[in-house]
Amino acid sequence: MAAGYFMVESKADKLSTRSLNASTEIANLFANGRGNKGKSLYDLVNGATEYWTSGQGVGIKADALTKAYKSEYGLAADHKTRFVELLANEDRRNEARDIGLEAIKEALAS
């Protein structure tokens, strides 16, 4: 689902390495993030929110103040909003899932 989000957002024809890495980290947080069990859209929202609030989505080397700013007012905040909006719309969610699955298959094949 995360790969599909990045594909839809970027309108790219293939998944970039950066987006693949971000998708992988969001999927990891979906299954293993704080309080997540990898079973529901709620876990997916929590994983993505964790990624863009305190994880790599706000900068690996960023200090705590920079992370806090980006997560609430910067690009990370925008990503959180758009990701949840995509998940809330069943048609867009299904489209992103399908696009993401194909993008992951292609990325892993190369």
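Bear in mind that the values in this text are calculations on the coordinates, not laboratory data. Note that the structure is a prediction, hence the values are computed from the model and not measured. Using ideal geometry, Cβ is built from the backbone for each residue, glycine included, and neighbour counts are taken over all protein chains shown.
Near Asn28: Cβ cut-off under 14 Å, other residues only, Lys/Arg at +1 and Asp/Glu at -1. The net charge is -1. Evaluating 6.51 cos²θ - 1.76 cosθ + 1.60 at θ = phi - 60° for every residue in segment 43-48, the Karplus couplings come out as 4, 5, 4, 4, x, 5 Hz, glycine and proline recorded as x.
For Lys61, what is the net charge nearby, where nearby means another residue's Cβ is under 15 Å from its Cβ and Lys, Arg count +1, Asp, Glu -1? Result for the neighbourhood of Lys61: +1. Radius of gyration over Kirkwood radius for segment 2-109, both on Cα atoms: the Rg/Rh ratio is 0.96. Full extension of the segment from Glu90 to Tyr69, taken as 0.36 nm per residue of separation minus the current Cα-Cα distance, would add 4.5 nm.
Other residues whose C-beta falls under 13 angstrom from the C-beta of Thr81 contribute a net charge of -2, scoring Lys and Arg +1 and Asp and Glu -1. Eigen-decomposition of the gyration tensor built on the alpha-carbon atoms of segment 53-110 gives equivalent ellipsoid semi-axes of 27, 17, 6 angstrom, largest listed first. Here the 3J(HN,Hα) profile of segment 22-34, calculated from phi with Karplus coefficients 6.51, -1.76 and 1.60 at θ = phi - 60°, is 5, 4, 4, 5, 5, 4, 5, 5, 4, 8, 10, x, 4 Hz, Gly and Pro shown as x.
Distance between the modelled labels on Ser110 and Thr17, one decimal in nanometres: 1.2 nm (7 Å Cα→Cβ projection). Under a Gaussian network description of the chain, with springs only between Cα atoms under 10 Å, the residue in Tyr51, Tyr42, Tyr73 that fluctuates furthest is Tyr73. Mean residue ellipticity, 222 nm, helices only, the chain: the sum of -39500 (n - 2.57) across DSSP H runs of n ≥ 4, divided by residue count and rounded to 500, is -24000 deg cm²/dmol. Computed over segment 2-109, relative contact order equals 34 percent, with contacts defined as Cα pairs under 8 Å that lie 6+ residues apart. Taking a straight Cα-Cα cut-off under 18 Å and skipping sequence neighbours fewer than 8 places away in the same chain, the lysines within cross-link reach of Lys14 are Lys105.
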